[in-house]
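Enquirer: Have a look at the structure that comes next, please.
Just so you know, all these numbers are worked out from the coordinates, no wet-lab data involved. Remember, predicted model here, so these are calculated numbers, not experimental data. Reconstructed Cβ throughout: ideal geometry from the backbone, glycine too, with neighbour counts over all protein chains shown.
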Amino acid sequence: MIAESDETDNAGSAEATIIKPDDGYEDNDVPADATLVALNATYIDLVCYDLDWYMVQPATDATLTVRIEFLNANGNLGLALLDSTLAPLAVAEGENDGEEVTSALTAGTYYIVVAGEGAEGAAPAVNDDYTLRIGYGTAPGFTSTAATSVQAGSAYSYTPAASGTPVPTITASGLPAWLTWDGTTLSGTPGAGNVGTTGNITLIASNAVSPDATQVFQVTVSAAPAPPAPSGDDGCAPGAGSPAALLCIAAAAALVLRRRRRGG
């Protein structure tokens with residue numbers, strides 16, 4: 001779409017301003033023309049020049065999370081969730097680079113509305129690039145507890161588990177150099193130089209249903225035990241003056257006496 005401005009260049013021709021065309025979900029400007037969108041889906045490159053109406057139809061009871069992501073500097077947007085009678089269930093009208101609403105729903109028909117925000121008496125803002133994320137199910141939660149201690153030289157392993165629908169994805173951050181995350185398990189073997197307590201290790205479980213679950217813990221690495229002290233040639237432990245040493249001396253003396261008697 002090309003709109004002509006009132007300004008002219010030196011040659012006297014009008015300057016043209018290129019305006020991004022509406023997205024492929026138009027015309028969805030009224031509830032009757034609302035675009036049916038899927039649950040647990042993401043829609044990108046959306047354009048809001050007017051009211052954008054969407055419809056979701058969950059078949060089971062669960063929690064719906066709707067989020068729009070955009071640059072507020074390009075035009076502030078508001079977000080609302082309505083029931084089948086168009087009564088509002090949740091509204092988000094902030095000043096951030098995104099808005100989110102969450103509501104526990106039963107099976108049925110619901111509407112999502114994205115609209116430009118503006119000061120009273122001013123024209124609503126427009127935004128030619130926003131993302132719509134829709135999550136439906138149960139929020140994630142960790143069902144496992146991390147191991148928080150390991151001995152230097154010994155293997156550490158922790159496979160976290162989380163509940164939620166859809167199945168959550170787990171990410172890890174804050175790992176010490178000796179610990180790795182393969183998307184399923186934390187594993188590694190600390191060395192003697194790692195004795196002490198790690199910083200905070202953070203696991204986040206997410207599945208598009210708010211809120212995310214967070215698990216934060218530390219792992220304490222203890223020193224490995226010292227190897228046993230070597231014994232003497234006669235099998236006696238070193239340490240002059242100790243009871244064990246005195247017993248060894250007495251036993252050795254008795255052995256010498258027995259040998260002399262046999263030799264005599």
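Enquirer: Please identify which residues in the range 177-202 have an amide N closer than 12 Å to a label point set 7 Å out from the Cα of Thr159, following the Cα→Cβ vector.
Expert: 184-186
Enquirer: Test of understanding: what is the full-extension gain from Ser222 to Thr60, defined as 0.36 nm times their sequence separation minus their Cα-Cα distance?
Expert: So the chain would gain 53.3 nm between Ser222 and Thr60.
Enquirer: First measure r as the distance between the Cβ atoms of Thr131 and Thr106, then evaluate 1/(1 + (r/R0)^6) with R0 = 35 Å and state the FRET efficiency to the nearest 0.05.
Expert: After rounding, the FRET efficiency stands at 0.80.
Enquirer: Using the Karplus equation 6.51 cos²θ - 1.76 cosθ + 1.60 (θ = phi - 60°), what ³J(HN,Hα) coupling, rounded to whole Hz, does each residue of the range 210-216 give in order, writing x for Gly and Pro?
Expert: Whole-Hz 3J(HN,Hα) from phi for the range 210-216: 7, x, 5, 9, 10, 10, 10.
Enquirer: Please compute, over every Cα-Cα pair in the range 143-222, the percentage with a separation greater than 19 angstrom.
Expert: 35 percent
Enquirer: What FRET efficiency would be calculated for the residue pair Thr214, Val30, taking the C-beta separation as r and a Förster radius of 51 Å, to the nearest 0.05?
Expert: With R0 = 51 Å, the Cβ-Cβ based efficiency is 0.80.
Enquirer: Non-local amide H neighbours of Val219 (under 5 Å, H modeled in plane, Pro and chain starts lacking H): which ones?
Expert: Those qualifying (amide H under 5 Å, at least 5 residues apart or on another chain) are Thr198.
Enquirer: Residue separation times 0.36 nm, minus the C-alpha to C-alpha distance between Val91 and Thr42: what's the value?
Expert: Contour length minus the Cα-Cα distance gives 15.7 nm.
Enquirer: Residue by residue, what Karplus-based ³J(HN,Hα) values in Hz, rounded to whole numbers, does the range 36-53 have, using 6.51, -1.76 and 1.60 with θ = phi - 60° and x for Gly and Pro?
Expert: Karplus values, whole Hz, x for Gly and Pro: 6, 10, 7, 7, 6, 9, 10, 10, 10, 6, 8, 10, 10, 9, 7, 6, 10, 9.
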